[in-house]
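K.L.:
Below is one structure. I have some questions about it.
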Amino acid sequence: MTKNLVVGIDLGGTKIYTALANLKGEIVTEVKVPTEAALGVTVVRRNIVRTVEHLTAQAGLKGQVRAVGIGVPGPLDVKEGVIYQAPNLGWRKVPLRQLLEESLKLPVYLENDANLAAIGEHLKGAGVGVRNLIYAAVGTGIGGGLILNGQLYHGAGFGAGELGHITIEPEGRTCNCGNKGCLETLASGSAMVQKALDLVKNGRGQTLLDAAKGEPQKINTYLIAQLAAAGNKEALSILKAAGTALGIGLANVINLLNPSLVILGGGALKVGLPYWEAMEKEVSRRAMQAAWQQVCIVPAGLGDRSGLYGAIALACQMGSEKWEVGG
């Protein structure tokens, strides 16, 4: 039987996004399921395996898959398939490739999720034809992928692009990575929610609490965005502060790498214009003029499918260590 299909998986802190695709990168069928990261590695592994098996069985294409590509949050050893640290999953030194290959009986290739999103955007999204770009994934946490001179840049130990762990506030809140004042603690979706909870705790977020019907655990970025759109001062201050922090982080990277394009993806960007406008204002203030004049900042062209298409490309290339993405 000819194996002319691949599986691409975008593994996130809250959901597993899986697609079955042909070797041209065209999606045949796809599904999203909860990650259930709090229940541990075994449960997440089970959810991944069941999802792959369900997709292939549903499409009547079992036995035609040649490889699986999966994007995972955090730094990892690409060659060995071991995740060093995934703060949003609570994982350290997890041999995910081995675990999945034992269950799926298929070759499995791992890559950082933001790296794959950068690849996806370069191949099919906002970055087609651009040789030097930064992809920033702003969601529950913040990740990044770098394409420099037409190639994905891994760094010496496959750890390049961790934008969320640039230090912005040296004595700030402790990050899941163990550092203090990381960009992720100030500009991510979880950071916005934490800021809202801090306001409630200090007695200055009554409107936020009322909107959550008196239950702080129901405060999320969607609620914050709704209130901000209605003109609520506390919600607007949260979005503007987070956007400003993101702008500081991006300006640092723009000054360092001088890209022609910055692509922003991730669910946190759905909170509205105040966040984006504060980011752009801060980048324009802090980036060197020569760098600022050359760069465009745009939303991801593929929406939440950026990483999925990158994972599909990874499986199609069968884990090729050298990404030559053209352009």
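K.L.:
Quick one: how many residues across the range 258-272 are out of contact with any Ser or Thr (no Cβ under 9 Å at 6 or more places or on another chain) and at pLDDT 95 or above?
P.N.:
To start, the set of residues in the range 258-272 that are out of contact with any Ser or Thr (no Cβ under 9 Å at 6 or more places or on another chain) comprises 258-262, 264, 269, 272.
When the remaining residues are screened for being at pLDDT 95 or above, the result is 258-262, 264.
Number of matching residues: 6.
K.L.:
Still on this structure: (1) within 20 Å of Gly25 (Cα to Cα); (2) part of a helix (DSSP H, G or I): which one isn't true of Gly69, the others all being true?
P.N.:
(2)
K.L.:
Restricting the search to the range 52-108, which residues are at pLDDT below 90, surrounded by fewer than 19 Cβ atoms within 10 Å (Cβ to Cβ) and on the phi > 0 side of the Ramachandran plot?
P.N.:
Selection gives Gly60, Gly63, Gly90.
K.L.:
Could you list all residues from the range 26-46 that are assigned to a loop (DSSP other than H, G, I, E, B) and either crowded, with 18+ Cβ neighbours inside 10 Å or at pLDDT 95 or above (or both)?
P.N.:
Hit for the range 26-46 is Thr35, nothing else.
K.L.:
Here's a follow-up. Looking only at the range 126-137, which residues are surrounded by 24 or more Cβ atoms within 10 Å (Cβ to Cβ) and at pLDDT 95 or above?
P.N.:
Scanning the range 126-137 gives Gly127, Leu133, Ile134, Tyr135, Ala136.
K.L.:
Pairs, please: C-beta under 8 Å, at least 6 apart or cross-chain, first residue assigned by TED's automatic domain parsing to the domain that holds Gly203 and in the range 222-239, second outside any helix (DSSP H, G or I)?
P.N.:
Listed by first residue and then by second, the contacts come to Leu223/Ala212; Ala225/Gly272; Ala228/Gly272; Ala229/Gly272; Glu234/Arg204; Glu234/Gly205; Leu239/Gly272.
K.L.:
Farther than 24 Å from Ala287 by Cβ and either surrounded by fewer than 19 Cβ atoms within 10 Å (Cβ to Cβ) or basic (Lys, Arg) (or both): which single residue out of Lys240, Lys270 fits that description?
P.N.:
Lys270
K.L.:
Now for a separate question. For the range 154-169, enumerate the residues that are in a loop (DSSP other than H, G, I, E, B) and either of a type in the set (Gly, Ala, Ser) or modelled with pLDDT of 95 or more (or both).
P.N.:
Gly155, Ala156, Gly157, Gly159, Ala160, Gly161, Ile166, Ile168, Glu169 - these are the residues of the range 154-169 that are in a loop (DSSP other than H, G, I, E, B) and either of a type in the set (Gly, Ala, Ser) or modelled with pLDDT of 95 or more (or both).
K.L.:
Only one of (1) farther than 21 Å from Gly266 by Cα; (2) surrounded by fewer than 19 Cβ atoms within 10 Å (Cβ to Cβ) is not met by Thr167, so which one is it?
P.N.:
The failed condition is (1).
K.L.:
Evaluate the following for Gln151: is it surrounded by fewer than 22 Cβ atoms within 10 Å (Cβ to Cβ), at pLDDT below 95 and more than 16 Å from the chain's Cα centre (by Cα)?
P.N.:
Working: surrounded by fewer than 22 Cβ atoms within 10 Å (Cβ to Cβ): yes; at pLDDT below 95: yes; more than 16 Å from the chain's Cα centre (by Cα): yes.
When the stated conditions are applied, Gln151 passes them.
The values are calculated or read from the model by the stated rules, or taken from the named source; none is laboratory data. Since we're looking at a predicted model, the values are computed, not measured. So basically every Cβ, Gly included, is an ideal-geometry build from the backbone, and we count neighbours across all protein chains shown.
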